[in-house]
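Engineer: A single structure is presented below for examination.
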Amino acid sequence: MTTPTGAIAASDINIELGRLTNASFSINDSLVRQLAGISSGPISFNNLRGRSLATVDLRNATYSSIELEDLASIGFIMSSDGQFFTESTFNQVYEYNWLISSTNGSQFEVFTSVISGTGVVGTLNQWLNLGTTRAWSTFSGTFQNTVVLRVQLRAVGSTTVLRTADITLFARRINRGEIAV
């Protein structure tokens, strides 16, 4: 969304920031200043007309890693500059930009929780600022592991979730005896 270009009210700005329309409002709030593009000094409602926070993207997906007689690992990384990567046992692959029209991840927070499965490496069940690169992964162990994670994004200072995706991670170790000759 974008704030109106004509008459503008605090409720319009709150909506753009993902807040309730009647939430408390201060024109000097750091997120309001971020929306206006003015970090310090004088600021007015004129600076907030036709403005939009950076757009975010998050996609439902399944990522897998299968290794022969070796521990398989699979995970994903959300970088602070807005890129989304998958990372398996031996490589890292760029998938897409989770942050569009900006490269400042510190404007956003991510919350990752387990829907099913066990053995997740990475911080779960708390909002984390994306000014720091974040990663989650799982490992095959002696056979295989499947984990489904729910990932949510919101703007810093907001309680409104902007995007949600369910990401499945599948890691499997194949032993030589399982391969038909």
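The values are calculated or read from the model by the stated rules, or taken from the named source; none is laboratory data. Just so we're clear, the structure is a prediction, and the values are computed from it rather than from any experiment. Using ideal geometry, Cβ is built from the backbone for each residue, glycine included, and neighbour counts are taken over all protein chains shown.
Engineer: Could you say whether any residue in segment 147-159 is out of contact with any Gly (no Cβ under 8 Å at 6 or more places or on another chain), within 30 Å of Asn14 (Cα to Cα) and part of a loop (DSSP other than H, G, I, E, B)?
Structural biologist: yes
Engineer: In addition: What pairs come up if the first residue lies in segment 119-136 and is under 13 Å from Val156 (Cβ atoms) and in the same structural domain as Val148 (by TED's automatic domain parsing), the second is at pLDDT 95 or above and among the aliphatic types (A, V, I, L, M), and their beta carbons are under 9 Å apart, counting only those six or more places apart or on different chains?
Structural biologist: Sorted first by the residue in segment 119-136, then by its partner, the pairs are Trp127/Val110; Leu128/Val110; Asn129/Val110; Leu130/Met78; Leu130/Val110.
Engineer: If you go through segment 54-62 one residue at a time, do you hit one that is basic (Lys, Arg), more than 23 Å from Gly6 (Cβ to Cβ) and surrounded by 13 or more Cβ atoms within 10 Å (Cβ to Cβ)? Give the derivation first.
Structural biologist: Filtering segment 54-62 down to residues basic (Lys, Arg) leaves 59.
Among the residues that remain, those that are also more than 23 Å from Gly6 (Cβ to Cβ) are: 59.
Cutting the leftovers down to surrounded by 13 or more Cβ atoms within 10 Å (Cβ to Cβ) gives us 59.
Yes.
Engineer: Have a look at Arg176, Arg134 and point out the one that is of a type in the set (Lys, Arg) and in contact with a Leu (Cβ under 6 Å, 6 or more places away or on another chain).
Structural biologist: Of Arg176, Arg134, the one residue that is of a type in the set (Lys, Arg) and in contact with a Leu (Cβ under 6 Å, 6 or more places away or on another chain) is Arg134.
Engineer: Of the residues Leu71, Leu20, only one is assigned by TED's automatic domain parsing to the domain that holds Val151 and part of a loop (DSSP other than H, G, I, E, B); which? If you could, list the steps in order and put the result at the bottom.
Structural biologist: Numbers: Leu20 fails: assigned by TED's automatic domain parsing to the domain that holds Val151.
After applying the criteria, what remains is Leu71.
Residue by residue, here is whether (1) surrounded by fewer than 19 Cβ atoms within 10 Å (Cβ to Cβ); (2) more than 25 Å from Thr160 (Cβ to Cβ); (3) out of contact with any His (no Cβ under 7 Å at 6 or more places or on another chain) holds:
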| residue | (1), (2), (3) |
| --- | --- |
| Ile66 | yes, yes, yes |
| Asp70 | yes, yes, yes |
| Gly75 | no, yes, yes |
| Val93 | yes, yes, yes |
| Phe111 | yes, no, yes |
| Val121 | yes, yes, yes |
| Leu124 | yes, no, yes |
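Engineer: Quick one: what pairs do we get from segment 1-21, first residue among the small types (Gly, Ala, Ser), second not in a loop (DSSP other than H, G, I, E, B), C-beta under 7 Å, 6+ apart or different chains?
Structural biologist: Taking only residues 6 or more apart or on different chains, the pairs are Gly18/Arg154; Gly18/Ala155; Gly18/Leu162.
Engineer: Being hydrophobic (A, V, I, L, M, F, W, C) and at pLDDT 90 or above is the filter; apply it to segment 1-31 and report the residue that is surrounded by the fewest Cβ atoms within 10 Å (Cβ to Cβ).
Structural biologist: Residue satisfying both the conditions and the ranking: Ala7.
Engineer: If you go through segment 39-53, how many residues are surrounded by 15 or more Cβ atoms within 10 Å (Cβ to Cβ) and either in a loop (DSSP other than H, G, I, E, B) or touching a strand residue (DSSP E or B) at 6+ places or on another chain (Cβ under 7 Å) (or both)? Spell out how you get there, then give the answer.
Structural biologist: Of the residues in segment 39-53, the ones surrounded by 15 or more Cβ atoms within 10 Å (Cβ to Cβ) are 43, 45, 47-49, 51, 53.
Now drop any that are not either in a loop (DSSP other than H, G, I, E, B) or touching a strand residue (DSSP E or B) at 6+ places or on another chain (Cβ under 7 Å) (or both), which leaves 43, 49, 51, 53.
Summing the residues that are surrounded by 15 or more Cβ atoms within 10 Å (Cβ to Cβ) and either in a loop (DSSP other than H, G, I, E, B) or touching a strand residue (DSSP E or B) at 6+ places or on another chain (Cβ under 7 Å) (or both) in segment 39-53 gives 4.
Engineer: Scan segment 22-38 residue by residue and report those that are under 25 Å from Asp57 (Cβ atoms) and in contact (Cβ under 8 Å) with a residue 60 or more places away in the chain.
Structural biologist: Ser30, Leu31, Gln34
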